[in-house]
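Quick notes on the structure that follows.
The values are calculated or read from the model by the stated rules, or taken from the named source; none is laboratory data. These numbers were taken from a predicted model, which means no experiment stands behind them. Ideal geometry is used to build each Cβ from the backbone, glycine not excepted, and the neighbour counts take in all protein chains shown.
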Amino acid sequence: MQKLKRLLMLALALSLLVGTMSLAAAEDLGDKPQLKFLVSHRTFDPNEDLAVKYMRELSGYDVVFEMLPQDNGDEKLMLELSAGTDFDIIELGTTMFGRLTDLGVLAPLDDALAKYGATLLAAEPKVLWDAAKNAAGEIVALPRQVGAPDYGHAKGTRGDGALYTKPEILEELKLEVPKTLDEFTAFLQAIKDAKGVAPLTLDRGTWMVWDIMTAFNLPHITWIEDENGMENILEKPAYREYIRYMASLYEKGLLDPDYPVNTGENRDQKFTTDGAYVGQYAFWQIPSLITGLTASNLSTDLVPFREPLADADGKYVLVNRYGVNKYYAVPRSSKNVDHVINYFDILARPENFMITHIGYEGVHYTVDENGDYWPIFPAFNDLNWANQFSSLQPVAVEYKQWQARARKTPEMAVAYDAVGDTLPNATFQIDRSSLCNSLPDVQANVQALNTLLYDFTLQAIVENKTTDKDFDDFTARYMAEGGQATKDAMNQWVAENSFDF
């Protein structure tokens with residue numbers, strides 16, 4: 001752990017030293033072309049975003065954003081690439097990065113990084129750059145780091161997936177937020193008996209309910225690493241029990257009957273009316289519920305499950321991620337590889353990163369006597385999505401600034417602090433699985449495996465296909481269709497890249 005912290009501090013020091021090294025090199029590039037940036041679907045127009053305008057001003061590049069559609073975005077991306085896209089930058093999730101790397105459609109970046117990427121290379125540890133390589137050992141994307149520098153701490157571990165309920169139902173039925181699985185089941189049943197609806201609503205993409213999985217001593221990740229290496233969640237007997245429990249909720253009418261077809265909008269509509277009373281949300285999604293709750297004359301002070309459901313020992317496992325959140329890649333068809341690296345390198349300079357991430361001190365944010373960052377309203381509202389397309393930065397630096405972003409609306413601040421406070425009964429799981437993205441077997445199999453596991457889990461819940469034979473048959477298929485090869489490759493990587501658990 002101390003070694004990791006020293007590495008982070010070294011990266012920060014280097015980024016400060018090399019912040020101006022690429023200035024001279026940039027002059028050799030001549031006129032700056034317009035860069036086309038393809039990103040996943042957003043609920044806002046990136047081209048009109050204030051942070052993007054800052055990025056254009058600071059970098060000198062006219063960057064134009066286009067978005068993939070909300071539905072079938074991956075298929076659209078594949079069509080673009082197969083047609084010889086004219087995009088210069090594409091934003092990729094970890095799964096799509098593996099798929100495109102396996103197909104060989106991403107441009108090598110090593111030469112451009114050596115010439116124009118000194119600040120970028122100093123911003124991330126070597127293990128992240130290794131996770132951005134293809135089978136030939138070439139870097140084919142810029143890896144954006146995920147996680148907090150303080151491993152073994154609860155802060156942020158539930159930020160993207162805690163259960164929430166409404167104060168009205170607690171008061172009306174004299175209920176308390178449950179802490180165990182039995183209490184949770186009784187909680188849902190009491191609401192159904194009183195209101196005649198399935199209390200728990202989820203969108204169709206949510207097959208891991210974080211705060212329920214903890215009752216089975218399960219982390220909400222597919223590949224689970226311990227001192228013995230990597231194991232797939234399918235190999236954990238507790239996963240079968242989790243799925244059986246979710247299937248029982250669906251069968252009893254305690255889980256939304258529309259679960260297999262629900263969009264996020266369907267889920268939110270039910271949760272912000274009298275259609276449902278419990279939902280899984282990220283703390284940053286809470287502001288989007290305010291309008292609906294207000295229209296229904298409901299309180300906007302939602303009640304979080306301050307602690308996830310505890311297992312038989314009174315504990316709950318939380319996930320600390322150490323790895324890659326997403327990638328920025330350049331298609332082989334782009335003629336502007338050097339300019340793309342120069343663009344991101346300029347924005348990686350500490351002073352530029354801070355402006356594009358949280359704005360200007362005294363205008364958009366303030367720093368208190370403890371060195372903590374706080375937003376200034378209403379100016380900070382203009383930077384609502386400012387971290388969406390940021391460049392790279394040492395994780396310790398970005399995380400400290402991000403505390404202002406975690407409080408970018410009053411509702412978010414309350415939700416973030418409510419589900420991120422010190423949790424005394426927590427155990428911690430380090431997730432390094434994204435660092436295996438450069439392994440050829442992972443790149444070749446990860447997307448198909450993720451789809452297989454999702455489809456099986458959803459079907460098992462909805463159709464109650466949860467016998468041991470159901471699980472045995474599917475596990476055998478999963479392992480035969482790439483799961484075993486992926487596991488073997490990951491475990492070889494783990495043996496060569498130890499971590500202090």
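Just one of (1) within 24 Å of THR101 (Cα to Cα); (2) surrounded by fewer than 22 Cβ atoms within 10 Å (Cβ to Cβ); (3) at pLDDT below 95 fails for TYR322. It is (2). For region 440-458, which positions are free of Cβ contacts under 8 Å to residues at least 24 places away in the same chain and surrounded by 19 or more Cβ atoms within 10 Å (Cβ to Cβ)? PHE456 - this is the single residue of region 440-458 that is free of Cβ contacts under 8 Å to residues at least 24 places away in the same chain and surrounded by 19 or more Cβ atoms within 10 Å (Cβ to Cβ). Could you check, for region 418-436, whether at least one of its residues is surrounded by fewer than 15 Cβ atoms within 10 Å (Cβ to Cβ), under 20 Å from PHE474 (Cβ atoms) and either within 19 Å of the chain's Cα centre (by Cα) or among the hydroxyl-bearing types (Ser, Thr, Tyr) (or both)? Looking through region 418-436, none of the residues is surrounded by fewer than 15 Cβ atoms within 10 Å (Cβ to Cβ), under 20 Å from PHE474 (Cβ atoms) and either within 19 Å of the chain's Cα centre (by Cα) or among the hydroxyl-bearing types (Ser, Thr, Tyr) (or both). Of the candidates MET1, MET9, MET96, the single residue that is touching a Phe, Trp or Tyr at 6+ places or on another chain (Cβ under 9 Å), at pLDDT below 90 and under 21 Å from VAL324 (Cα atoms) is MET1. Examine region 101-120 for a residue that is surrounded by fewer than 18 Cβ atoms within 10 Å (Cβ to Cβ), closer than 19 Å to MET490 by Cα and not assigned by TED's automatic domain parsing to the domain that holds GLN443, and state whether such a residue exists. Taking every residue of region 101-120 in turn, none turns out to be surrounded by fewer than 18 Cβ atoms within 10 Å (Cβ to Cβ), closer than 19 Å to MET490 by Cα and not assigned by TED's automatic domain parsing to the domain that holds GLN443. Would you confirm, using the coordinates I've provided, whether ALA406 is outside the structural domain of TYR373 (by TED's automatic domain parsing) and either under 30 Å from LEU103 (Cβ atoms) or out of contact with any Phe, Trp or Tyr (no Cβ under 9 Å at 6 or more places or on another chain) (or both)? Against the criterion (outside the structural domain of TYR373 (by TED's automatic domain parsing) and either under 30 Å from LEU103 (Cβ atoms) or out of contact with any Phe, Trp or Tyr (no Cβ under 9 Å at 6 or more places or on another chain) (or both)), ALA406 does not qualify.
Being of a type in the set (Ser, Thr, Tyr), buried (at least 17 other Cβ atoms within 10 Å of the Cβ) and in a loop (DSSP other than H, G, I, E, B), is that true of even one residue in region 250-257? There is no residue in region 250-257 that is of a type in the set (Ser, Thr, Tyr), buried (at least 17 other Cβ atoms within 10 Å of the Cβ) and in a loop (DSSP other than H, G, I, E, B).
Taking region 371-422 as the range and being closer than 24 Å to ILE341 by Cβ and charged (D, E, K, R) as the test, only GLU398 passes.
In summary, GLY196 fulfils each of the numbered conditions (1) free of Cβ contacts under 8 Å to residues at least 40 places away in the same chain; (2) closer than 23 Å to ALA415 by Cβ with the single exception of condition (2). Within region 413-425, is even one residue assigned by TED's automatic domain parsing to the domain that holds ILE233 and aromatic (Phe, Trp, Tyr)? No, every residue in region 413-425 fails to be assigned by TED's automatic domain parsing to the domain that holds ILE233 and aromatic (Phe, Trp, Tyr). Only a single item in (1) farther than 20 Å from ARG42 by Cα; (2) outside the structural domain of ILE169 (by TED's automatic domain parsing) is not met by ALA329, and it is number (1).
When each of MET96, MET78 is tested for being under 30 Å from MET490 (Cα atoms), surrounded by fewer than 19 Cβ atoms within 10 Å (Cβ to Cβ) and in the same structural domain as SER334 (by TED's automatic domain parsing), the lone residue that passes is MET78.
Which number in (1) surrounded by fewer than 18 Cβ atoms within 10 Å (Cβ to Cβ); (2) in a helix (DSSP H, G or I) marks the one condition that ALA247 misses? With (1) surrounded by fewer than 18 Cβ atoms within 10 Å (Cβ to Cβ); (2) in a helix (DSSP H, G or I) applied to ALA247, the lone miss is (1). All conditions but one from (1) small (Gly, Ala, Ser); (2) surrounded by fewer than 20 Cβ atoms within 10 Å (Cβ to Cβ); (3) touching a helix residue (DSSP H, G or I) at 6+ places or on another chain (Cβ under 9 Å); (4) without any contact (Cβ under 8 Å) to a residue 60 or more places away in the chain apply to ALA404; the one that does not is (2).
Residue selection: THR201 fails the criterion of being touching a Pro at 6+ places or on another chain (Cβ under 6 Å) and either crowded, with 21+ Cβ neighbours inside 10 Å or modelled with pLDDT under 95 (or both). Quick check on region 63-72: of everything there that is part of a loop (DSSP other than H, G, I, E, B) and either charged (D, E, K, R) or modelled with pLDDT of 90 or more (or both), which residue is nearest to ARG144 (Cα to Cα)? The selected residue is LEU68. For beta carbons closer than 7 Å, sequence separation of 6+ or different chains, a first residue in region 103-127 that is of a type in the set (Ser, Thr, Tyr) and a second that is not in a helix (DSSP H, G or I), the qualifying pairs are THR119/VAL18; THR119/GLY19; THR119/ARG349. Give the residue that is modelled with the lowest pLDDT, with candidates limited to residues of region 73-89 that are over 17 Å from ASP31 (Cα atoms) and touching a Pro at 6+ places or on another chain (Cβ under 8 Å). This residue is THR85.
Does any residue of region 258-275 turn out to be surrounded by fewer than 18 Cβ atoms within 10 Å (Cβ to Cβ), within 24 Å of LEU170 (Cα to Cα), modelled with pLDDT of 95 or more and touching a Ser or Thr at 6+ places or on another chain (Cβ under 6 Å)? Scanning region 258-275, I find at least one residue that is surrounded by fewer than 18 Cβ atoms within 10 Å (Cβ to Cβ), within 24 Å of LEU170 (Cα to Cα), modelled with pLDDT of 95 or more and touching a Ser or Thr at 6+ places or on another chain (Cβ under 6 Å), so the answer is yes.
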